[in-house]
Amino acid sequence: MYNRKIRGPLIEGDKTLSQISNEVLSPMESRLKMWWPIVFGISSAAAIYGFYSIYITVSKGIGTWGVNNTVGWGWAIVNFVWWIGIGHAGTAFSIFLLVLRQRWRTSINRSAEAMTVFAVLAAALFPSLHMGRVWLAFYIFPYPNTRGPLWVNFNSPLFWDFTAITAYLIISASFWYLGMLPDLATIRDKTTSGIKKAVYGFFSLGWTGSSRQWIRFEALSFILGGIAAVLVVSVHSIVATDFAVGIEPGWHSTIFPPFFVVGAIFSGFAMVMTLMVIIRKAYHLTDYITDNHMDAIARILIFISLIMGTAYITEVFVAWYSGNEYELFTFFRNRITGQYTVQFWIMVICNAIIPQLFWFKKVRRNWVLLLVVSLSINVGMWFERFNIVITSLTRDYLPSNWAPYTPTAIDIGVYVGTLGMFIIGILLFIRYIPIMAISELKGVSHIGNKPED
């Protein structure tokens, strides 16, 4: 439990309840800051490039990508796994800390949940495009039909991904939206605009703040949280199983499911930190997203970084101890040394070494260093997925199959497009939805807390 006497208040500045409402809603009510349209324009350009790349992919086929007979899984699957990992942040952050009753989550959970929804939407795009014939995507829906009936192949990793992503997206979006009901009602009651009152009134679903509604609201939060907690573990375990059921060297490993789950939470928490550092500085919300919040996330990242470093060592040790010449070649001649040495060591340095800077309090309290380290973690996690997918495929059991992999401008364009769409989603979220849960902030303020808390 967070002890205010030892670690400081969760909200600084002795805010009144009305101050909390007004300051949290200020990004929505104030004039656009100069940087907002600039970032929105750059992100829109990236999204347009992405849409163009998607059009080329759909109209001409995935032969426009860098994939070949050896590397059937290229940047599309690398980026899919990377986005899914980031999408674990919001749910893991909100759910696990909610279940553990960690009240310091209240300033961050709303933004983390929004990030989850946008990241999962970006991730879902890649398997759809990788199918080639996107217009036949409904074939993976397991519904009664007149095609024989033709059922999906339940042994297919594609179907596993579809099931996992769909379930995770639905529960994440539901948890995010239903958690906003009290705040949407607050905007409805405060605004003087008739259009805003009608729009926010519609989406607040008639919220009045009665005792009965609050009781049901809190019960529903724990129910959805319990369901989502299972999905956080199962979704990336399923993605890991996509690889583990293969016989390629470097994939066929029992460590993959827990390894992927921990890595997903690692990259997700790093992205949460990146987002929070930018938001707290851009909108002067340091009284709500305090140094103590950043310190808590940094401590979690240290712990997970140690797990990731242990997993890397375990992988290499098992490959050596097994005596399997193919595993030895993949790890020692293709990753640690060889064609993909740079990518391997970027992964190790960014994920296992650089985060150890968080052992120093001065680093945990410096917003520039927090931003640099969190970004380096996400770079390292992207290269981890690259190493897993690409290095095992470029050189398999038959040297006659070996072929280098180089992404094309279309590969890169689709990825850049998802980055643009993700940032656009975050910008619109900041502009039109309270970035923090007002009702929860009031509960952890000095007014809402008991003296002994």
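The values are calculated or read from the model by the stated rules, or taken from the named source; none is laboratory data. Keep in mind that what you see is a predicted model, and the values were worked out from it rather than measured. Glycine gets a Cβ as well: all are built from the backbone with ideal geometry, and neighbour counts include every protein chain shown. The protein model used for the area step is the full one, side chains on, heavy atoms only, and it has no ligands, DNA or RNA in it. Shrake-Rupley method; radii C 1.70, N 1.55, O 1.52, S 1.80 Å.
Could you look through segment 3-34, keep only residues that are outside any helix (DSSP H, G or I) and more than 27 Å from Ile426 (Cβ to Cβ), and pick out the one that is modelled with the lowest pLDDT?
Filtering segment 3-34 down to residues outside any helix (DSSP H, G or I) leaves 3, 8-16, 30-34.
Of the ones still in play, those that are also more than 27 Å from Ile426 (Cβ to Cβ) are 3, 8-9, 14, 16.
Values: Asn3: 55, Gly8: 63, Pro9: 68, Asp14: 75, Thr16: 78.
In this case the residue turns out to be Asn3.
Of all residues in segment 53-89, how many are at pLDDT 85 or above, crowded, with 21+ Cβ neighbours inside 10 Å, assigned to a helix (DSSP H, G or I) and hydrophobic (A, V, I, L, M, F, W, C)?
Here the count works out to 10.
Failed condition for Val232, given (1) β-branched (Val, Ile, Thr); (2) open to solvent by 10 Å² or more (accessible area, probe 1.4 Å); (3) within 27 Å of Pro157 (Cβ to Cβ), with all others met?
(2)
Yes/no per residue for (1) surrounded by fewer than 17 Cβ atoms within 10 Å (Cβ to Cβ); (2) closer than 20 Å to Ile435 by Cα:
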position: Ser237; (1), (2): no, no
position: Val245; (1), (2): yes, no
position: His252; (1), (2): yes, no
position: Ala264; (1), (2): no, no
position: Ala270; (1), (2): no, yes
position: Met276; (1), (2): no, yes
position: Ile279; (1), (2): no, yes
position: Ile297; (1), (2): no, yes
position: Ser305; (1), (2): no, no
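Pairs only if they're at least six apart or on different chains, beta carbon under 8 angstrom, first in segment 184-196 and under 10 Å from Ser21 (Cβ atoms), second aliphatic (A, V, I, L, M) and open to solvent by less than 40 Å² (accessible area, probe 1.4 Å); list them, first residue then second.
If the second residue must be aliphatic (A, V, I, L, M) and open to solvent by less than 40 Å² (accessible area, probe 1.4 Å), the pairs left are Thr186/Leu25; Thr186/Ile438; Ile187/Leu25; Ile187/Met28; Lys190/Leu25.
Which of the residues spanning segment 139-185 are among the hydrophobic types (A, V, I, L, M, F, W, C), closer than 30 Å to Ile247 by Cβ and not in a loop (DSSP other than H, G, I, E, B)?
Let us first name the residues in segment 139-185 that are among the hydrophobic types (A, V, I, L, M, F, W, C), namely 140-141, 150-152, 154, 158-160, 162, 164-165, 167, 169-171, 173, 175-176, 178, 180-181, 184-185.
Of the ones still in play, those that are also closer than 30 Å to Ile247 by Cβ are 140-141, 150-152, 154, 158-160, 162, 164-165, 167.
If the condition is that a residue be among the hydrophobic types (A, V, I, L, M, F, W, C), closer than 30 Å to Ile247 by Cβ and not in a loop (DSSP other than H, G, I, E, B), then Ile140, Leu158, Phe159, Trp160, Phe162, Ala164, Ile165, Ala167 are the ones that fit.
Of everything in segment 372-391, what is open to solvent by 40 Å² or more (accessible area, probe 1.4 Å) and either within 26 Å of Leu125 (Cβ to Cβ) or touching a residue at least 24 places away in the same chain (Cβ under 8 Å) (or both)? Give them in sequence order. Before you say what the answer is, go through the steps one by one.
At the first step, the residues of segment 372-391 found to be open to solvent by 40 Å² or more (accessible area, probe 1.4 Å) are 372, 375, 379, 383.
Of everything in segment 372-391, those that are open to solvent by 40 Å² or more (accessible area, probe 1.4 Å) and either within 26 Å of Leu125 (Cβ to Cβ) or touching a residue at least 24 places away in the same chain (Cβ under 8 Å) (or both) turn out to be Leu375, Val379, Phe383.
If Arg105 meets every condition in (1) over 23 Å from the mean Cα position of the chain (by Cα); (2) free of Cβ contacts under 8 Å to residues at least 40 places away in the same chain apart from one, which number is that one?
All conditions pass for Arg105, except number (1).
State yes or no: is Gln339 at pLDDT 90 or above and on the phi < 0 side of the Ramachandran plot?
Values: at pLDDT 90 or above: no; on the phi < 0 side of the Ramachandran plot: yes.
The answer is no for Gln339.
Output yes when any residue across segment 103-124 is more than 30 Å from Asn22 (Cα to Cα), of a type outside the set (Asp, Glu) and open to solvent by 20 Å² or more (accessible area, probe 1.4 Å), and no when none is.
Yes, the conditions are met somewhere in segment 103-124.
Spot the failing condition for Trp320; the list is (1) in contact with a Leu (Cβ under 9 Å, 6 or more places away or on another chain); (2) part of a helix (DSSP H, G or I); (3) surrounded by 16 or more Cβ atoms within 10 Å (Cβ to Cβ), and only one is missed.
The failed condition is (3).
Can you tell me which residue in segment 331-363 is most open to solvent (accessible area, probe 1.4 Å), limited to those that are outside any helix (DSSP H, G or I) and of a type in the set (Ser, Thr, Tyr)?
Thr337
If you check Gly50 against the conditions, is it on the phi > 0 side of the Ramachandran plot and either modelled with pLDDT of 80 or more or among the acidic types (Asp, Glu) (or both)?
no
Quick one: what pairs do we get from segment 312-337, first residue in contact (Cβ under 8 Å) with a residue 12 or more places away in the chain, second in a helix (DSSP H, G or I) and open to solvent by 40 Å² or more (accessible area, probe 1.4 Å), C-beta under 7 Å, 6+ apart or different chains?
Cβ pairs passing all conditions: Ala319/Leu328; Trp320/Leu328.
Name every residue in segment 392-409 that is closer than 30 Å to Tyr52 by Cβ and either surrounded by fewer than 23 Cβ atoms within 10 Å (Cβ to Cβ) or in contact with a Leu (Cβ under 9 Å, 6 or more places away or on another chain) (or both), in order of residue number. It would help to see each step written out before you state the result.
Just the residues of segment 392-409 that are closer than 30 Å to Tyr52 by Cβ, to begin with: 393-394, 403-409.
Result: Thr394, Ala403, Pro404, Tyr405, Thr406, Pro407, Thr408, Ala409.
From Ser111, Ser94, grab the single residue that is part of a helix (DSSP H, G or I) and over 20 Å from Ile227 (Cβ atoms).
When all the criteria are applied, what remains is Ser111.
Restricting attention to segment 283-294, report how many residues are open to solvent by less than 10 Å² (accessible area, probe 1.4 Å) and part of a helix (DSSP H, G or I).
Residues that pass the stated criteria total 2.
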